[in-house]
Structures are given as C-alpha cells and as structure tokens.
Amino acid sequence: MGLDRENHTDKHTYKHIDKNGGKPIDKHAGATSGTTSGTPYSEADLRELRRSSILHVDMDAFFVSVELRSRPELKGRPVIVGYPAERSVVLSASYAARKFGVKSAMPMAVAARMCPSAVIIEPRHKLYYEVSGQIMAIFGSITDLVEPLSVDEAFLDVGGAIRRLGPPREIGELIRRRVESELGITASVGIAASKFVAKIASTRCKPDGLLLIGPDETVPYLHTLPVSALWGVGAKTVEVLARMGIRTVADVAATPLPSLRKILGATGEHVHRLSWGIDPRPVTPVRLEKSIGAEETFAVDTADDALLHRELLRLSHRTAERLRSAGMHARTVALKLRYADFSTITRSRTVSTPIDSAQLLYGVAVQLLESVGQRPMTVRLVGIRAEQLEEAAQAPLQLSLDRRDDNWRAAEQALDRVTRKFGNKSVLPARLLDPAPGAD
Ligand code: TTP
Ligand code: MG
Ligand code: MG
C-alpha cells in the first residue's frame, strides 16, 4: 500500500493539540480547549454570562435559501421547494410565499392555489445534506457541545466558549455572520438558559434574527404565550386544556399541579415545569466520530517487542471492528506510546487507500512502531487510532494490490458477524488466543 504522508509527533501529554497537521488527536482537545486568548472575564462575569448559554440555531427557509444561491433573481419573491406532483407537500416556503398563507407540509396543490405566482423548485436533497454538513461544521468549530435536531438546526451550549469568543450574544452573531458569508444563507439564533426557551426564541425572531431571552425575562415572557408553545402540547392537548379554561402558559402556571396531573396524566408535570421555564435537559452532543481507536495499559511496563506486537494486533482488531460497524474507513493510522515516565509520543501515517481491516491497520501500526526506533525506556501504554474517517460508501473501492487484503477483509467481516452473535471472546485469530502456559 502506498504511503502519501508521514507525521512524527513527540509530546509529553496526549491531551493537548499536537502538531499532527494541526489536528487534535484526542477528541477532547477540540475547538473549545487549549486557547487562552480572548477577553479576560472575572469569575462573576462568567457565571452571569453562562446563565444564558444555550443557543438554538435554525436556517431560514432552508431548502429555498440554498436554491436561491444559484438563482439570486428570485430573492424576495414567493418560492416553494417541493415536487410539483399531485400528492406532494410543500417542503420549504420563502417568507414572501408565507405572506400568502403557504406553509411547509401543506399540499402543493393548495399552496399553488393560494399563491399562483410562486416559483416552484424541485428539491435537491443531496445538495441540502451537503450544506447541512457545512452548517454543522461551523457549529462544531464553536463548541463540541452541539446537538443537531434536524438538517438545518442544532442546539449549542456555548458556556465553555465565552472566554475564547465572547458573550453568547456575540457568539450568536458570529455564527450568523459566518453562515451568511461562508454558505450564502441566513440563520436565526435564539439564546436562553434552556433548550426549550432557546427554541422558542429562535422561532420568534425569524427570519434573519437573533433573540436572547435572559433568565429574569424568561417566566414573564413565557406567560404571554399560548399553551401550544409548550413542548409536548399538541392540538389535542390544547383542546383538552381549553375545555378547562386553560389557554395560555400563564394559565398553566397558575393551575395547581394535582389538577394538571388529573387533566393530562404524566404530561401534566412536564407541562407545569415548562410553564415556569424549568427545562434541565442538557445539550447532548451526538458527535460524528472524528476518529476511532483503542488503547491498553500494560499490567507491568514492558520493553518486549513480541508483547507490543501482540497487543497491537488485538487493538487493530478492536479498532477495525468498530470502524466496520460504524461503516467507516480510515485514511490515517496513528500509533500512541506512553513510556514509563508518562511521556507520550504519537506516530501517524496516511495511506493512499482508506482501510477498515485489522490486518492493514496492524501492518501500518507495526511500521510506525519500527519508525520509533530505539525506545528510551519501557512502555506503559500502547494505542491505535484510525483517523481521517470517511464513510465506507464514499471511499474509493478498496482495490488493493495484494488480493490477500480483500480476503482478510472478508474474513474479518465474517468474524464480526460471529462476534456479534456469540460475544467477544468466541472467535479470535490463533495468535490472539491466550498463550499456552510457558509460551510467550
Ligand atoms: P424548518 O427549519 O422547519 O423550515 P425552514 O428552514 O424551511 O423554514 P424556517 O425559516 O421556518 O426555519 O425545516 C428545515 C428544512 O427541512 C426545510 O427547508 C425543508 C425540510 N422540511 C421537510 O422536508 N419537510 C417538512 O415537513 C419540514 C417542516 C421541513
Ligand atoms: Mg429552518
Ligand atoms: Mg429547522
């Protein structure tokens, strides 16, 4: 297999951003850590700013906005993205079309009747997903705490980015500027102390707006809204509550909890809490893994090459299995060694054909270990990491020069199936089975 690039990195702690092409090796050493520039805030300032640190960012008329990039002459005009077929629905409507009453999920036929002048554009989903990835990449450069909700929106908790980037409001404006200048579409940002209120805020300031609802304004603001603004309150619940004379969030807040429980069952409690602005759910990142790896600390520090090789083979299998179950291929393989004094080095190599087989991972790992040369002391920990991941479907076909590679891959896939079925220890290459007493 060809080697395109080789990186050598020596450092003392693995947690810091290394010089591996400027990329963090450890996933915790992402965009939010490591930088010390920015405005110095007192602890009290930070505490205050962090009270409203949840952003909900949503693109304005997303599918339409992406289409308008290549048809700028349609800006400001009624535009609908949807299939013009009889039974299709509106996927996205420009704000000009909304003035005529056009909404998403409305049958196209109805929309066309309401707004005969609307320009109808057929959706190009692949393009929207591409732009969606770029949007999420911008979010990811702000903080690791990104929880995507759909193609065009996410929650971000920017509490940890304030020192580096400024108060949440400035971060919201930064995101809006970047989305507009880099992607050519507009976004709206809601900021609050909770996900629920942040989402309400972004909806209220659309299009092309930003709204921060501070902690002290939250309850008074919520109490001006209709009950339908509460999460979990759909048309049916609205009806049930209306029958009891409960129409606004303020009405819900004023209703004793036992009565709400009687009317709504378990939802009663949830709705009551929301009516007082209580929503403790944290922003929960679902991250696309940037790398997959495995590492092991030896029970006793070792200088033994055979033992290191054996461990690398085991870690290669673990990593490859995880790569395959994630449907990913790796372009770069990194080896990590931690010495007895805890100093840590990494070596990485980028391969010409993305790989997901343990044998190929192992092959590179052994070369990397050899490239370290004479080791200054015993090894405490060894690790393998597959980086620069790409989806298997997108990776070029694994056309290896050596047919054996393909056979290995097929064999390992079969191994995955058996492992899934019978648990982890049932099938392993002979070299990895526990050595007979006296062996090794
Ligand atoms: P939304 O963010 O709900 O809508 P939007 O971006 O078009 O408009 P807004 O300014 O109100 O946010 O949805 C994002 C995209 O998801 C939307 O452009 C098209 C797609 N979508 C569907 O395909 N089907 C649907 O029912 C909805 C609601 C959206
Ligand atoms: Mg949107
Ligand atoms: Mg949306």
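The values are calculated or read from the model by the stated rules, or taken from the named source; none is laboratory data. Note that the coordinates shown come from a computational prediction; the quantities given were computed from them, not determined experimentally. Reconstructed Cβ throughout: ideal geometry from the backbone, glycine too, with neighbour counts over all protein chains shown.
When each of P168, P123 is tested for being in contact with a Phe, Trp or Tyr (Cβ under 8 Å, 6 or more places away or on another chain) and away from ligand 3 (no atom under 14 Å from the Cβ), the lone residue that passes is P123. Of the residues that sit in region 50-66 and are of a type in the set (V, I, T) and within 16 Å of ligand 1 (Cβ to nearest atom), which one is nearest to the chain's Cα centre (by Cα)? Among those residues, the one meeting the criterion is V57. Annotation note: Cβ proximity below 8 Å between a residue of region 238-258 that is polar (S, T, N, Q) and a residue that is assigned to a helix (DSSP H, G or I) (sequence gap 6+ or interchain) occurs for T248/V227; T255/H272. One residue stands out among those in region 46-80 that are touching a Pro at 6+ places or on another chain (Cβ under 9 Å) and farther than 20 Å from T203 by Cβ: the one that is surrounded by the most Cβ atoms within 10 Å (Cβ to Cβ), which is E67.
In contact (Cβ under 8 Å) with a residue 12 or more places away in the chain, in contact with a Ser or Thr (Cβ under 7 Å, 6 or more places away or on another chain) and not acidic (D, E): does that describe G172? For G172, the condition - in contact (Cβ under 8 Å) with a residue 12 or more places away in the chain, in contact with a Ser or Thr (Cβ under 7 Å, 6 or more places away or on another chain) and not acidic (D, E) - is not met.
When region 368-387 is filtered for residues that are in contact (Cβ under 8 Å) with a residue 60 or more places away in the chain and either among the basic types (K, R) or over 20 Å from E296 (Cβ atoms) (or both), the ones remaining, listed by number, are S371, R375, R380, R385.
If you go through region 73-126 and keep only what is basic (K, R), more than 14 Å from ligand 1 (Cβ to nearest atom) and without any contact (Cβ under 8 Å) to a residue 40 or more places away in the chain, you end up with K75, R87, R113.
Contact annotation: residue pairs with Cβ atoms under 7 Å, 6 or more positions apart or on different chains, pairing a residue in region 52-65 that is under 15 Å from Y129 (Cα atoms) with a partner that is within 6 Å of ligand 1 (Cβ to nearest atom) and of a type in the set (A, V, I, L, M, F, W, C), are F62/V151; F63/L91; S65/M59.
Sub-9 Å Cβ pairs linking a first residue in region 178-189 that is in the same structural domain as S150 (by TED's automatic domain parsing) to a second residue that is of a type in the set (K, R) and within 13 Å of ligand 3 (Cβ to nearest atom), at least 6 apart or interchain, are S188/K206, ordered by first then second residue. Against the conditions (1) crowded, with 20+ Cβ neighbours inside 10 Å; (2) closer than 30 Å to A85 by Cα; (3) more than 16 Å from ligand 3 (Cβ to nearest atom), A187 satisfies every one except (3). Given the criteria in a helix (DSSP H, G or I), over 21 Å from E180 (Cα atoms) and not hydroxyl-bearing (S, T, Y), does A111 qualify? Here the answer is yes, as A111 does meet what is asked.
Given the structure, is S194 within 26 Å of the chain's Cα centre (by Cα), surrounded by 17 or more Cβ atoms within 10 Å (Cβ to Cβ) and more than 16 Å from ligand 3 (Cβ to nearest atom)? Against the criterion (within 26 Å of the chain's Cα centre (by Cα), surrounded by 17 or more Cβ atoms within 10 Å (Cβ to Cβ) and more than 16 Å from ligand 3 (Cβ to nearest atom)), S194 qualifies. When region 331-371 is limited to residues that are over 12 Å from G383 (Cα atoms) and among the charged types (D, E, K, R), the one that is surrounded by the fewest Cβ atoms within 10 Å (Cβ to Cβ) turns out to be E370. In region 197-221, of all residues being among the small types (G, A, S) and surrounded by 21 or more Cβ atoms within 10 Å (Cβ to Cβ), the one that is nearest to L49 (Cα to Cα) corresponds to A198.
Check A306, A326, A299 and return the single one that is closer than 21 Å to G363 by Cα and either more than 28 Å from the chain's Cα centre (by Cα) or small (G, A, S) (or both). I'd like the intermediate steps shown before the answer.
Values: A326 fails: closer than 21 Å to G363 by Cα; A299 fails: closer than 21 Å to G363 by Cα.
Selected residue: A306, the only one of A306, A326, A299 that is closer than 21 Å to G363 by Cα and either more than 28 Å from the chain's Cα centre (by Cα) or small (G, A, S) (or both).
In region 150-162, of all residues being surrounded by fewer than 18 Cβ atoms within 10 Å (Cβ to Cβ) and touching a residue at least 12 places away in the same chain (Cβ under 8 Å), the one that is farthest from ligand 2 (Cβ to nearest atom) corresponds to G160.
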